[in-house]
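Just so it is clear, none of the values below were taken in a lab; they were calculated from the coordinates. Just so you know, these numbers come straight off a predicted model, no measurement behind them. Cβ sites come from the backbone with ideal geometry, for glycine too, and all protein chains shown count toward neighbours.
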Amino acid sequence: MAGICAAHGILYFPLHDSFSHTTRSFRGVYRMSRIKDLVRKGSKELYKKCLDKWGIGTQMNMLIEESSELITAVSRIMRGRDKILNNLIEEITDVEIMIEQIKFAYNIKEKVLIERDRKLERLERRLR
């Protein structure tokens, strides 16, 4: 699965079994230096490039696809088929990246933070 902006070769790379450990290590080191550059510059620029290239509809479909892969990863762990958490970590990351991109596209980051706080407060009340 491509990252949020595979055309630029940045931000994330797949850790699938089809890659050798050497390839993974090289890609990881290369991409990590690009990630540090992006963090300094901010991800808004990257998200804008991706949305301009693929459009919101395609990115919403990617969110659906990445979410289904996360569901599969969780299910495999619950059934005891996956004892290593690497796949879970990868899928959580993919979903978080796509969610961030959608929040950027609709300019709803602040509203999501407010709703998150409201829901965490509700959860805290339920635990009393």
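Residue pairs exceeding 28 angstrom between C-alpha atoms, taken from Lys48/Lys111; Lys49/Lys109; Lys53/Lys119; Lys83/Lys111; Lys83/Lys119: Lys53/Lys119; Lys83/Lys111; Lys83/Lys119.
Available extension along the chain between Asn61 and Leu123 is 19.3 nm, counting 0.36 nm per residue and deducting the alpha carbon span. The calculated FRET efficiency for the pair Lys111 and Arg81, based on their C-beta separation and a Förster distance of 41 Å, comes to about 0.65.
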